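Single-structure report; data block below.
The values are calculated or read from the model by the stated rules, or taken from the named source; none is laboratory data. Because the structure is predicted, anything quoted here is derived from the model rather than measured. Don't worry about glycine lacking a Cβ; one is built from the backbone with ideal geometry, like all the others, and counts go over all protein chains shown.
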Amino acid sequence: MKLNVHRRHFFYGIFSLASACSKVRVPSGVANVSIVKADHYQIDLARIIRGILIEHQVPVAGQRVVLKPNLVEFSPHLPINTNPIFVAAAAEAFRSMGAKSVTIAEGPGHRRATLDMAESAGFFGVMKNFEDNFVDLNLDDVSRVHFAQPFTNLDSLYLPHTILGADLLVSLPKMKTHHWAGATLSMKNLFGIVPGGVYGWPKNVLHWAGIDKSIADLHFAFPKQFCLVDGIEAMEGNGPIQGTAKQAGVIVGGAHPPSVDATCCQIMGIDPQKLKYLELAASRSPLQIWQPKQIAEPIASVAQKFRLHPDLQHLRLT
Amino acid sequence: MPEDQALVECLLHAQNPDGGWPYSKGTSWAEPTGFGVLALQSEQSSPAVAARRRALGWLQSQQKPSGGWSPNQNVTECTSATSVATLALLSAEQHDQSLAKNLDLALAWTAAQVYPDDLSLSLLLARALHVPPPHAPGSVAWYPGTAGWVTPTALATLVFVRAAQQKNRPELRNLAAATSSYLLSRRCTDQGWNHGGSSTRSEDANSYPETTGLALLALRAALVNLPRESVALATQFTANPESIEGLSWIQLALESPGLTIADPPRLPPPRTTRDCSLRLILLRSRANRNLFLPEG
């Protein structure tokens with residue numbers, strides 16, 4: 001395990017360097033992004049997710065898959081956390097496609113009692129033996145990972161071994177507005193992999209370095225990702241915690257997080273080109289992220305105007 | 001098996017061969033090891049005494065030349081985990097004077113983490129604009145150089161109060177006064193405490209049981225009159241404390257000889273070694289004394 005982690009660090013460093021070098025290239029292609037209608041959580045979500053994975057030809061068989069939901073607060077009644085039924089469906093889909101292992105992992109940013117929060121959010125009721133398949137990333141063992149060309153002034157971060165040992169990191173965010181970043185989706189969700197055991201609750205080193213730049217740095221540190229955004233019941237207004245429920249009825253998936261997030265923004269009525277972290281990601285992406293190739297539903301068929309914080313009206317898609 | 005014995009067994013079973021404790025499994029971390037030492041302080045059984053001695057040895061071996069502790073041996077930088085390690089050494093120093101030098105270094109490091117009330121440009125600007133300053137005076141950061149927060153500030157307060165009395169260092173009381181002022185200034189609108197974030201765009205943010213309990217314990221240790229509304233809220237939290245950590249800090253903050261705050265009908269289970277330690281510290285405080293509060 002230790003040697004494996006170190007090899008990965010080397011790989012991440014090389015990848016970050018390659019990403020940085022790609023800055024001068026003109027984006028030459030677009031990513032595929034799936035948009036699938038899902039009105040509620042009681043439908044066969046595992047079948048839908050399996051369909052998305054097959055459509056994107058995600059290599060799952062034999063892979064160590066880590067699912068990273070968004071778990072933020074004790075609040076079973078507000079759509080703050082990724083719905084446990086959605087997470088369970090994703091786990092079932094990856095297992096049914098031959099994943100070597102499926103681990104669920106999260107490191108909440110404000111509260112330390114991660115498992116108590118997971119129980120309160122309904123994970124224990126929905127997933128059998130949840131504790132055996134879950135890792136609290138705030139308390140996991142860590143190694144330092146260096147960034148070759150970071151946007152922030154952070155040249156490295158300590159990151160958990162569970163994440164560093166994954167063959168495929170799957171970001172499972174809740175579709176929410178965010179009163180600082182504009183929207184919190186698959187890229188922002190990676191804040192949860194930064195260990196509170198090292199940086200504290202909140203992980204203020206990221207805010208101190210710049211939220212948008214930190215989001216971009218974490219994105220480029222993990223080249224092998226897949227994203228499945230829980231937009232079935234979303235959040236609008238003063239997200240990510242104090243907003244209100246928004247029935248968006250959609251799942252968005254894809255292998256290129258900036259393209260997935262840009263698509264989600266358009267669904268939410270937010271101009272993705274006005275989100276700083278997407279602009280940063282686009283500046284080094286080999287793909288053109290603003291108009292990805294949409295699979296299944298067109299954006300227009302699921303788009304809704306999410307209420308935005310009064311201070312963020314300038315982000316509105318016109 | 002009685003609950004306290006089960007907690008001791010849990011700690012003995014989870015201790016790493018190097019003497020430290022992981023949070024649940026894996027390598028040793030300074031914070032749960034510090035809490036483990038505190039939890040086993042009054043245990044008399046040979047295995048518990050030996051475990052505590054090994055844990056103290058691990059803490060001593062991990063102290064950096066600066067006086068601080070990094071949270072884990074894979075981490076280079078010292079953080080607020082130092083406060084818990086220092087409390088552990090303070091508890092042991094009463095029986096082992098060889099720790100005095102370690103403690104002097106640890107106290108110097110911790111004292112240096114309190115952001116001063118100086119005349120920096122950023123502080124003046126923040127005051128003029130009525131926004132929270134980046135380095136609020138009296139606050140302590142989790143990670144050096146970043147903003148101060150409620151939990152690390154409250155833990156540092158406990159260190160200063162205990163060390164001021166035990167080591168006859170009255171200047172540390174001034175630091176405790178500064179950190180207490182910060183804590184009082186960071187109450188939420190419901191008069192409890194959350195992590196201590198800015199109220200900008202979070203005007204109605206709720207407080208948490210665990211931070212409310214810990215902040216009240218620190219204020220009580222610093223001999224600050226506890227705000228009545230905050231105590232009332234903490235008492236309400238005990239009906240649904242959300243975690244054993246939240247319940248333990250509140251009970252430690254509000255209980256006194258003859259006054260026990262009842263457990264809720266469904267006691268949240270301990271999830272980590274740190275949880276086991278906190279609950280054991282609470283149970284032992286009922287029979288002995290609350291080791292976070294000054295004597296006398």
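Going by the conditions given, is A:HIS309 in contact with a His (Cβ under 8 Å, 6 or more places away or on another chain) and either more than 24 Å from A:THR152 (Cβ to Cβ) or in contact (Cβ under 8 Å) with a residue 24 or more places away in the chain (or both)? Yes.
Looking across the stretch B:11-33, the residues that are more than 13 Å from B:LEU283 (Cβ to Cβ), buried (at least 19 other Cβ atoms within 10 Å of the Cβ) and away from chain A (no Cβ under 14 Å) come down to B:GLN15, B:GLY19.
A residue that is within 18 Å of A:LEU139 (Cα to Cα), buried (at least 22 other Cβ atoms within 10 Å of the Cβ), in contact with a strand residue (DSSP E or B) (Cβ under 6 Å, 6 or more places away or on another chain) and touching a residue at least 12 places away in the same chain (Cβ under 8 Å) can be found somewhere in the stretch B:34-51.
Would you pick out the residues in the stretch A:261-296 that are under 21 Å from A:PRO79 (Cβ atoms) and either at pLDDT below 95 or aliphatic (A, V, I, L, M) (or both)? Of everything in the stretch A:261-296, those that are under 21 Å from A:PRO79 (Cβ atoms) and either at pLDDT below 95 or aliphatic (A, V, I, L, M) (or both) turn out to be A:ILE267, A:MET268, A:ILE270, A:LEU275.
For the stretch A:202-242, residues that are touching a strand residue (DSSP E or B) at 6+ places or on another chain (Cβ under 7 Å), surrounded by fewer than 21 Cβ atoms within 10 Å (Cβ to Cβ) and within 14 Å of chain B (Cβ to nearest Cβ) total 1.
A single entry from B:ASN16, B:ASN74, B:ASN102 fulfils the requirement of being outside the structural domain of B:LEU172 (by TED's automatic domain parsing), in a helix (DSSP H, G or I) and at pLDDT 95 or above: B:ASN102. From the list B:ALA106, B:ALA112, B:ALA147, the lone residue that is closer than 24 Å to A:GLY197 by Cβ and within 14 Å of another protein chain (Cβ to nearest Cβ) is B:ALA147. Would you check if B:ALA262 is within 29 Å of B:GLN15 (Cα to Cα) and more than 14 Å from every other protein chain (Cβ to nearest Cβ)? For B:ALA262, the condition - within 29 Å of B:GLN15 (Cα to Cα) and more than 14 Å from every other protein chain (Cβ to nearest Cβ) - is not met.
Restricting the stretch B:194-218 to residues that are without any contact (Cβ under 8 Å) to a residue 60 or more places away in the chain and more than 12 Å from chain A (Cβ to nearest Cβ), the residue that is farthest from B:PRO268 (Cα to Cα) is B:LEU216.
Residue by residue, here is whether (1) surrounded by fewer than 24 Cβ atoms within 10 Å (Cβ to Cβ); (2) out of contact with any Gly (no Cβ under 8 Å at 6 or more places or on another chain) holds:
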residue: A:SER156; (1), (2): yes, yes
residue: A:GLY165; (1), (2): yes, yes
residue: A:LEU172; (1), (2): no, yes
residue: A:HIS178; (1), (2): yes, no
residue: A:THR184; (1), (2): no, no
residue: A:LYS188; (1), (2): no, yes
residue: A:GLY192; (1), (2): no, no
residue: A:PRO195; (1), (2): no, no
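Being in a helix (DSSP H, G or I) and not hydroxyl-bearing (Ser, Thr, Tyr) is the requirement here; does B:GLN251 meet it? The answer is yes for B:GLN251.
Here's the yes/no breakdown for (1) in contact (Cβ under 8 Å) with a residue 40 or more places away in the chain; (2) closer than 19 Å to B:THR153 by Cα; (3) among the aromatic types (Phe, Trp, Tyr):
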| site | (1), (2), (3) |
| --- | --- |
| B:SER66 | yes, no, no |
| B:THR76 | no, no, no |
| B:VAL84 | yes, yes, no |
| B:SER91 | yes, no, no |
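Test A:PHE226 against the stated conditions and say whether it is of a type outside the set (S, T, N, Q), within 16 Å of the chain's Cα centre (by Cα) and not in a helix (DSSP H, G or I). So A:PHE226 fits the description; yes. Contact map, the stretch B:272-288: residues that are over 28 Å from A:ASP132 (Cα atoms) paired with residues that are surrounded by fewer than 19 Cβ atoms within 10 Å (Cβ to Cβ), Cβ distance under 6 Å, separation 6+ or inter-chain. Pairs shown: B:LEU283/B:ASP4; B:ARG284/B:SER42; B:ASN288/B:SER42.
For the stretch A:265-282, the set of residues classified as touching a strand residue (DSSP E or B) at 6+ places or on another chain (Cβ under 6 Å) and outside any helix (DSSP H, G or I) consists of A:ILE270, A:LEU275, listed by residue number. Got a number for residues in the stretch A:81-127 being under 18 Å from the mean Cα position of the chain (by Cα) and more than 12 Å from chain B (Cβ to nearest Cβ)? Qualifying residue count, the stretch A:81-127: 18. Each residue in the stretch A:243-277 was checked for being over 13 Å from the mean Cα position of the chain (by Cα) and under 13 Å from A:ALA183 (Cβ atoms), and 17 pass.
Here are A:ASN133, A:ASN138: which of them is polar (S, T, N, Q), in contact with a strand residue (DSSP E or B) (Cβ under 9 Å, 6 or more places away or on another chain) and surrounded by fewer than 22 Cβ atoms within 10 Å (Cβ to Cβ)? Sole residue among the options that is polar (S, T, N, Q), in contact with a strand residue (DSSP E or B) (Cβ under 9 Å, 6 or more places away or on another chain) and surrounded by fewer than 22 Cβ atoms within 10 Å (Cβ to Cβ): A:ASN133. Quickly run through the stretch A:143-175 and pick out the residues that are within 14 Å of chain B (Cβ to nearest Cβ) and part of a strand (DSSP E or B). If the condition is that a residue be within 14 Å of chain B (Cβ to nearest Cβ) and part of a strand (DSSP E or B), then A:SER143, A:ARG144, A:VAL145, A:HIS146, A:SER156, A:LEU157, A:TYR158, A:LEU159, A:PRO160 are the ones that fit. Does A:LEU315 fit the bill of being under 30 Å from B:THR153 (Cβ atoms) and in contact with a helix residue (DSSP H, G or I) (Cβ under 6 Å, 6 or more places away or on another chain)? Taking the combined requirement at face value, the residue does not satisfy it.
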